[in-house]
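Chemist: Have a look at the structure that comes next, please.
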Amino acid sequence: MKIPKLLKKAAALLMAAVTAFSVMPATTAFAASDIGTISFTHTYDRNGNAIRYNSSDVFNGYTAGGAGKYHYRMYVDGDTAFCIQPGVPLKTGNTLKKNSSETWNALSANQKKAVGLALLYGYQGNRGNLSGSDDEKWVATQTLVWEFVTGCREATGSYRQTSKKIYNVNFGSNYPNSGSVEVYNQIASLISKHNTIPSFMSGGAGDITKELVYKDGKYSMTLTDKNNVLSEYSFTSSDANVSVSKNGNKLTISSTKAVSGSVRITATRNNVPTVSSSAKMIAYGDPNLQDVVTGVENADSVKAYINVETPTGTIALKKTSEDGVVAGISFHIKGDGFDKTVKTDENGNITVEGLFPATYTITEQSIDRYEPQQTQTVTLIGGKTTTVNFNNTLKRGSLEVVKTSEDNLVEGVKFHLYGISLSGLPVDEYAVTDEKGVARFENVLISGDTPYVLEEVDTA
């Protein structure tokens with residue numbers, strides 16, 4: 001039935017009893033600013049038809065709705081309000097006290113936040129972006145508020161509907177109220193996505209750490225969001241060297257240089273309706289009357305995190321030596337903040353992990369029995385092991401013996417050189433003079449503190 005628009009104003013002045021008349025409690029004196037006066041108006045769909053309840057159901061002992069009964073919209077001192085006690089009596093002219101709703105106080109913190117989201121994404125914070133008539137938006141929002149306070153919809157996660165009791169009171173075969181259903185679905189969809197974050201991220205700042213891959217001179221990683229919400233988020237990096245870019249449902253994180261430690265990528269949800277920072281939700285109550293909530297507040301920001309690191313590399317050093325001594329040899333490794341002296345193990349190996357890609361110099365300590373080793377320079381690539389070899393050769397020298405003789409018989413004379421070398425290895429060598437009387441000991445291990453013994457061998 002269509003109600004002429006001229007009657008709307010008159011209808012607003014009518015006493016609209018949501019349920020049967022209730023006896024008012026004893027009056028208590030409060031400051032005028034603490035008291036809100038209730039009023040009601042009819043609700044109309046986009047075609048000008050009065051919105052009616054589809055059916056009724058019982059909540060906490062009270063019957064809400066009633067097939068064919070008018071769906072009244074409520075106000076507190078002229079401000080749009082929403083019922084938080086389906087079926088509890090309330091009528092035009094009743095007064096409620098600000099911030100004194102026992103029902104509201106009994107809700108869990110999550111339920112209060114969920115009601116706040118229904119108001120923010122619904123009539124109070126987002127009605128300019130919703131379809132339908134103003135009243136359809138209000139009815140849709142009221143339906144979601146009821147679902148949260150009665151437990152017909154979960155108050156966390158994706159805010160899943162768990163029961164259709166409230167839904168059926170407002171929408172169904174008797175009075176479909178399709179316009180309000182359309183708005184209800186819009187708001188419910190927005191709320192369900194509110195806490196949805198990119199699939200590869202976490203709500204915990206330290207939960208996920210991934211390593212970028214080094215390729216073609218840069219470090220990068222491309223992640224695919226299976227939840228398809230990347231467009232709803234903006235991204236920041238804790239390190240200016242690490243950049244983030246979006247392309248469809250893919251996020252690319254890259255850096256042209258290695259970074260120290262973990263870099264945090266933070267995603268912040270966009271497109272959440274916002275209101276004035278001073279806006280507040282206010283719950284009005286009376287122990288004997290239906291409690292209501294007015295206003296709206298901004299929701300807590302939704303953030304998600306992923307930490308990334310540039311891949312480190314490993315230097316694997318292999319030490320060999322002519323005399324087989326490879327354990328406990330010191331090497332000095334320096335580069336990109338790393339400056340340490342390390343020693344070989346019993347097998348002549350050194351493994352240094354967790355080094356940032358860079359150029360490193362490796363210098364072996366000088367040992368007197370070996371030929372000096374040149375410092376080696378290696379370039380370390382992230383995610384790879386760079387192997388470097390050091391081989392020591394013992395120091396050697398040459399000895400030339402000149403034989404003289406009164407009879408000039410100097411050719412073919414044998415000399416014996418023996419003793420303990422600087423390396424501790426024995427030396428026991430022979431040399432024979434040539435026609436000029438010269439005997440040469442070539443490539444002989446150098447001696448230690450005790451000189452070698454040189455003897456002419458009697459061949460007679």
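The values are calculated or read from the model by the stated rules, or taken from the named source; none is laboratory data. Because the structure is a prediction, the values reported are computed rather than measured. Glycine also receives a Cβ, built like all others from the backbone with ideal geometry; neighbour counts cover every protein chain displayed. We work out accessible area using only protein heavy atoms, side chains counted, and drop any ligands, DNA or RNA first. Shrake-Rupley method; radii C 1.70, N 1.55, O 1.52, S 1.80 Å.
Chemist: Against the definition (open to solvent by 50 Å² or more (accessible area, probe 1.4 Å) and either hydroxyl-bearing (Ser, Thr, Tyr) or more than 39 Å from the chain's Cα centre (by Cα) (or both)), how does Asn99 come out, yes or no?
Modeler: So Asn99 fails the test.
Table: residues versus (1) assigned to a strand (DSSP E or B); (2) open to solvent by 40 Å² or more (accessible area, probe 1.4 Å); (3) of a type outside the set (A, V, I, L, M).
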| residue | (1), (2), (3) |
| --- | --- |
| Met221 | yes, no, no |
| Thr236 | yes, yes, yes |
| Arg264 | yes, yes, yes |
| Ala267 | yes, no, no |
| Thr274 | no, yes, yes |
| Ser277 | no, yes, yes |
| Asp300 | no, yes, yes |
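Chemist: Being open to solvent by less than 60 Å² (accessible area, probe 1.4 Å) and assigned to a loop (DSSP other than H, G, I, E, B) is the filter; apply it to region 396-406 and report the residue that is farthest from Ala439 (Cα to Cα).
Modeler: The qualifying residue farthest from Ala439 (Cα to Cα) is Ser405.
Chemist: Further question on the same structure: I need the full set of residues from region 195-219 which are more than 17 Å from the chain's Cα centre (by Cα) and either within 25 Å of Ala155 (Cα to Cα) or surrounded by fewer than 16 Cβ atoms within 10 Å (Cβ to Cβ) (or both), in order please.
Modeler: Matches in region 195-219: Val213, Lys215, Asp216, Gly217, Lys218.
Chemist: I've got another one for you. Here is a check on your reading of the model: is Asn110 within 16 Å of Cys152 (Cα to Cα) and either touching a residue at least 40 places away in the same chain (Cβ under 8 Å) or touching a Phe, Trp or Tyr at 6+ places or on another chain (Cβ under 9 Å) (or both)?
Modeler: Numbers: within 16 Å of Cys152 (Cα to Cα): yes; either touching a residue at least 40 places away in the same chain (Cβ under 8 Å) or touching a Phe, Trp or Tyr at 6+ places or on another chain (Cβ under 9 Å) (or both): yes.
So Asn110 fits the description; yes.
Chemist: Another question, then. Applying the selection to region 326-379, what residues are under 28 Å from Val444 (Cβ atoms) and aromatic (Phe, Trp, Tyr)?
Modeler: Tyr370
Chemist: For Thr310, only one of the following conditions fails: (1) surrounded by fewer than 15 Cβ atoms within 10 Å (Cβ to Cβ); (2) closer than 30 Å to Ser234 by Cβ; (3) polar (S, T, N, Q). What is its number?
Modeler: The single condition Thr310 does not satisfy is (1).
Chemist: A further question on this structure: Sort out which residues of region 339-379 are closer than 19 Å to Gly424 by Cβ and surrounded by fewer than 10 Cβ atoms within 10 Å (Cβ to Cβ), and write them in order of number.
Modeler: Glu346, Ser366
Chemist: Test Glu147 against the stated conditions and say whether it is over 37 Å from the mean Cα position of the chain (by Cα) and in a helix (DSSP H, G or I).
Modeler: Working: over 37 Å from the mean Cα position of the chain (by Cα): no; in a helix (DSSP H, G or I): yes.
The answer is no for Glu147.
Chemist: Condition first: part of a loop (DSSP other than H, G, I, E, B) and under 21 Å from Lys384 (Cα atoms). Now tell me which residues in region 313-343 satisfy that.
Modeler: Asp336, Gly337
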